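Input: a single structure, listed below in structure tokens.
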Amino acid sequence: MRGVILVALLLSLSLVPVSNANGGVIDSVTVSGDGIVGEGPITVNISLVGVGGASSSSVNWSAVLSDLDGNVIDSDNGNRLVDDGVTTFVETMLGDAPLGLSNLTVSISGDIGTPGQDQWINYYSTIHRLRPLNISLGSPIFNSVDATGNDTGNLSLSDGDFVNIEIPVINNGDVDWNGTLNVSLDSLDLTHQSVNSSGDSAQIFSFLSGPVSEGIHNLNATLVGIMDQFEDDNELSSNFEVGPPPLPSLSLELERLNQPQPGSEISWRLSATNFGESSFNGQLVCNFDDLQIFSENATIAVSQTLNLTVTMISKPGSLVCSSDGVRTSETLDANDTVSMSSAIFIGAGHSSPSLLGGPWHAGDEITLSMLLRNEGDAIGSAEMQVEINGDIENGSISTLEGGKAGEVNHKFSFSTSGEHIVNWSVVSQDGAVDSNLSGSILIPVLSSQTLTIAIEETEILDTGVEISWSVDLSEGRDRTVIFNFGSINDGLKGPKIIEERNLLPGRTFGSMNIGFQQGQEIYASIATDGWTSGFGSYLEDESPMPDFTIEPQITVNPVTQPKVPAQGSQVTILYTLSNTGGGPTPQGQIVITDDDGNILASVTSPSLESSSLDSSTTVKWPSGNSVKIIVNWHVDGVSVSDQVMITSEVIEADEEDFVIPWGGILGGLVAGMVLIFAIRLKNTPKSDKKVEKKKSKKKTSTDEKVEVACPSCDRRLRVPSTYSGGVRCPECETKFDVEGSQEEDSEEEEESSPEEPVEEKDLWAASDNDILGCPKCARNLKVPYDRRPAKARCPACETIFEARKS
């Protein structure tokens with residue numbers, strides 16, 4: 001202040017008029033180094049000029065730099081000669097000018113003239129050396145406001161208030177600063193604000209947030225822009241505490257409305273008074289021996305009282321009522337103790353429950369069981385109660401008379417493996433429970449057993465498709481499972497076959513016949529029964545449906561037995577049955593007809609063990625020279641047929657009972673005689689004398705008859721002994737073949753030589769009954785066994801052979 005006054009006085013003195021004098025004056029002063037940041041020297045350039053006709057006037061100059069208190073910082077002086085109108089320059093350096101303001105004084109003495117306008121004898125100037133940039137954040141202020149930002153008047157922040165955060169930005173330097181103020185509250189960014197700070201100034205920036213909850217909140221603020229050399233004060237971290245909201249305070253009282261009686265109810269009046277700062281909107285709850293018996297939602301205004309009624313079955317114990325569900329600054333609980341005769345439950349032998357059914361896997365049912373005894377003097381009921389992960393579950397209720405024992409239990413399961421803690425207790429609605437009947441138990445639970453089913457193979461049987469399966473059950477307990485088998489047709493499952501089994505751990509094999517179901521695939525699935533399979537189980541498998549279709553074919557052999565059948569004779573027809581499909585061939589029906597549709601035979605065809613089967617059927621040959629034989633095969637709802645044309649021999653009988661083929665008999669006799677004669681001629685030596693042969697006449701008498709049995713009804717028929725051919729039974733009208741004996745008189749030959757050869761027998765056949773086969777064509781014919789040996793002629797191929805006994 002004194003420096004300012006001194007400068008003003010000097011300026012006023014300079015304005016006082018003086019008489020003109022010759023000499024030198026200060027024409028101008030130029031200072032370099034003013035307005036620069038930081039301490040440092042200044043350069044002073046002084047211009048002196050002569051006035052009033054000065055000539056070589058001697059002028060003394062001086063330059064002094066001092067602080068605001070007048071203390072000299074630096075100075076310099078000198079002498080110059082000046083002439084009228086001639087400018088003389090003087091330059092000097094003073095240092096160092098301090099930060100802030102300092103005073104520069106330039107004066108002259110000696111031969112001085114009278115200064116004119118803008119000329120001086122003494123020159124004064126203020127030097128300003130600027131302070132460097134120094135931007136910083138001040139301590140924040142937290143004010144309680146409402147949602148619109150208006151002050152609530154509260155001295156502290158409460159839960160639910162909005163907060164107005166005021167942060168000072170201080171510029172202690174002489175350099176302006178422009179940047180951004182970033183603020184976050186509890187790691188959530190608030191709106192950024194731009195900052196334009198002039199040198200040597202302070203600004204307040206406000207941020208609104210809320211509502212805030214009770215607790216400690218953290219604030220972080222940062223200046224973003226060109227930083228000064230003092231970076232520690234460019235950021236700040238702070239916190240503030242939010243107190244609880246205005247809270248209600250409750251006072252609870254219990255008044256017993258009646259006295260307890262065994263088996264009857266007891267009631268109380270519950271009075272709740274709010275003497276707090278805000279309304280109560282919560283629950284009033286009452287626990288009897290730590291078991292909740294009452295809960296009611298209640299709204300109680302400040303200074304108001306609410307009355308409620310609490311009721312329960314009478315039993316001894318303590319009743320405690322309190323508040324819940326909302327915060328209070330204080331709650332005065334209500335208490336009452338009930339004393340009476342009742343059931344008293346204690347452990348029967350043990351005071352802890354037993355675990356049944358272990359070991360357990362995830363999903364298995366666990367049974368917690370305990371034996372109780374009623375040591376009281378009244379009947380009562382008790383039950384097992386468990387708490388698992390905060391959830392309370394009640395088990396079975398057991399009602400016991402005084403002095404009786406019984407079981408209480410509860411069944412539950414865990415979906416995850418590991419060790420699980422179960423809190424248990426025995427509770428009673430109408431009796432007292434020993435305080436030792438509660439606690440915690442650790443239950444180890446293994447991982448769920450895995451179950452995998454696979455179709456090993458499929459096979460087609462006569463009864464249907466059989467599925468061979470295997471099931472793998474991982475290590476653990478025996479398990480009950482349910483199998484489902486069936487087919488899938490166009491993506492849809494058909495009727496299923498269900499089987500329930502008990503599986504042992506490990507691999508189990510089995511099979512199931514599903515019959516002949518339609519579909520493109522077969523499936524086998526398995527389901528658990530009362531337990532849960534683990535991750536990685538495969539509960540169903542599918543496989544392509546095997547081909548069980550039947551495509552029958554029948555091929556008739558054009559050769560019969562005999563080759564040339566005769567009408568009414570038994571003829572064997574040969575044929576081949578085959579199945580080109582993949583399914584088994586069941587029994588079917590073979591029906592043989594002629595061209596007129598007459599059924600010659602109908603027999604059951606066997607099931608085929610392989611893809612084809614050669615078979616035959618004997619039929620009674622129909623009439624006709626060429627007979628068409630049609631063989632039909634009916635199997636599994638499919639019918640196929642084949643046919644052949646066979647040339648047959650026509651034999652006609654004279655009588656209904658039998659037919660005598662005279663032409664065949666005579667022809668056979670002539671042929672036989674010629675053959676025998678030829679053989680004899682061939683075997684007789686030329687040198688031998690002619691042998692006289694005496695031939696006895698063949699005795700053929702149609703009157704000699706033999707008995708034959710009908711193959712169908714066993715009736716005895718008499719036919720000529722020499723007749724061979726078809727015979728029809730008059731009883732059942734069955735036609736069948738008979739063979740007559742060809743008897744020739746023995747020939748007595750008188751030979752001229754003892755070496756006469758014996759007749760050679762080329763063909764023969766033998767059997768142990770009346771029927772034997774032709775050695776040439778295998779045709780069966782009848783030659784009476786008691787007449788053998790004898791000559792026989794085959795009616796089919798007309799071959800003559802000897803019938804012998806076997």
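The values are calculated or read from the model by the stated rules, or taken from the named source; none is laboratory data. Just so it is clear, the model here is predicted, and its values are computed rather than measured. With ideal geometry, Cβ positions are generated from the backbone for all residues, glycine too; neighbour counts draw on all protein chains shown. Only protein heavy atoms, including side chains, enter the accessible area calculation; ligands, DNA and RNA are left aside. Shrake-Rupley method; radii C 1.70, N 1.55, O 1.52, S 1.80 Å.
Between L68 and V302, how high is the FRET efficiency from 1/(1 + (r/R0)^6) when r is the Cβ-Cβ distance and R₀ = 56 Å? Nearest 0.05. According to the calculation, E is roughly 0.30.
Pairwise Cα distances in region 123-186 exceed 19 Å in 55 percent of cases. Volume of the convex hull of the chain (Cα atoms only), normalised per residue: 534 Å³. Between the amide H of K404 and those of N374, distances stay under 5 Å, these residues lying 5 or more places away or on another chain, with hydrogens modeled in the peptide plane.
Over all distinct alpha-carbon pairs, what is the Kirkwood Rh of region 426-499 in angstrom? Numbers along the way, then the final one.
Values: mean 1/r = 0.0560 Å⁻¹.
Taking the inverse mean of 1/r over all distinct Cα pairs, region 426-499 comes out at 17.8 Å.
One decimal place: the segment H192-D614 gains 141.6 nm when fully extended, by the rule 0.36 nm per residue minus the C-alpha distance. Computed from backbone phi, the HN-Hα couplings of region 355-363 come to 9, 10, x, x, x, 10, 10, 4, x Hz, rounded to whole numbers (Karplus: 6.51 cos²θ - 1.76 cosθ + 1.60, θ = phi - 60°; Gly and Pro given as x). The residues neighbouring T532, those whose beta-carbon lies less than 13 Å from its own, together hold a net charge of -1 under the Lys/Arg +1, Asp/Glu -1 convention.
How much length would be gained if the chain were fully extended between T416 and D324, taking 0.36 nm per residue of separation minus their Cα-Cα distance, in nm to one decimal?
Numbers: separation 92, 0.36 × 92 = 33.12 nm, distance 3.27 nm.
Going from the current span to full extension adds 29.8 nm.
Per residue, the chain exposes 53 Å² of solvent-accessible protein surface, assessed with a 1.4 angstrom probe and all protein chains in place. Mean sequence separation of contacting Cα pairs (under 8 Å, at least six apart), scaled by the length of region 254-365, corresponds to a relative contact order of 26 percent. Placing a label point 7 Å from the Cα of T114 along the Cα-to-Cβ direction, the residues of region 71-96 with a backbone N closer than 16 Å are 85. For region 261-378, the alpha carbon convex hull comes to 161 Å³ per residue, rounded to a whole number. When the listed pairs K735/K791; K563/K776; K315/K411 are checked against a 19 Å cut-off, the alpha-carbon distance exceeds it for K735/K791; K315/K411.
Between the beta carbons of N287 and H350, assuming R0 = 35 Å, the FRET efficiency works out to 0.85 to the nearest 0.05. Residues of region 116-133 with an amide N closer than 18 Å to a point placed 7 Å from the Cα of N60 along the Cα-to-Cβ direction: 121-123. Across region 357-445, Cα-Cα pairs farther apart than 19 Å form 40% of the total. Summing charges over all other residues whose Cβ lies under 15 Å from the Cβ of K628, with Lys and Arg as +1 and Asp and Glu as -1, gives -4.
In the chain, the calculated helix contribution to ellipticity at 222 nm averages -1500 deg cm²/dmol per residue, counting -39,500 (n - 2.57) for every DSSP H run with n ≥ 4. Residues of region 531-546 with an amide N closer than 13 Å to a point placed 7 Å from the Cα of S470 along the Cα-to-Cβ direction: none. Kirkwood radius for region 216-272, taken over all pairs of different Cα atoms as the inverse mean of 1/r, rounds to 18.0 Å. Protein-only accessible surface at a 1.4 angstrom probe places the residues D768, D642, D324 in the order D768, D324, D642, largest first. Tell me which residues come under 5 Å, amide H to amide H, from L247 once H is placed; ignore anything under 5 positions away on its chain. So L247 has HN proximity to E277, S278.
Working from label points 7 Å from Cα in the Cα-to-Cβ sense, the S32 to Q229 distance is 2.4 nm.
If R₀ is 60 angstrom, what is the calculated FRET efficiency for the pair D547 and N182, using the beta carbon separation as r and rounding to 0.05? Please report the intermediate quantities before stating the final value.
On the way: r = 79 Å, r/R0 = 1.32.
Calculated transfer efficiency: 0.15.
In percent, how large is the relative contact order of the chain, given Cα pairs closer than 8 Å and 6 or more residues apart? Rounded, it is 5 percent for the chain. Note on H128 and A454: the extension gain reaches 107.5 nm, defined as 0.36 nm multiplied by sequence separation minus the Cα-Cα distance. Here the chain exposes an accessible surface that is 47 percent carbon and sulfur, computed with a 1.4 Å probe and the other protein chains kept in place. The angle separating the long axis of helix 2-14 from the principal Cα axis of greatest extent in the chain is about 60 degrees. Relative to the first principal axis of the alpha-carbon coordinates of the chain, what is the inclination of helix 662-683, with its axis defined by its Cα atoms, in degrees from 0 to 90 and to the nearest 10? It is inclined by approximately 80 degrees.
Near W360, once Lys and Arg are set to +1 and Asp and Glu to -1 for all other residues with Cβ below 15 Å from its Cβ, the sum equals -2.
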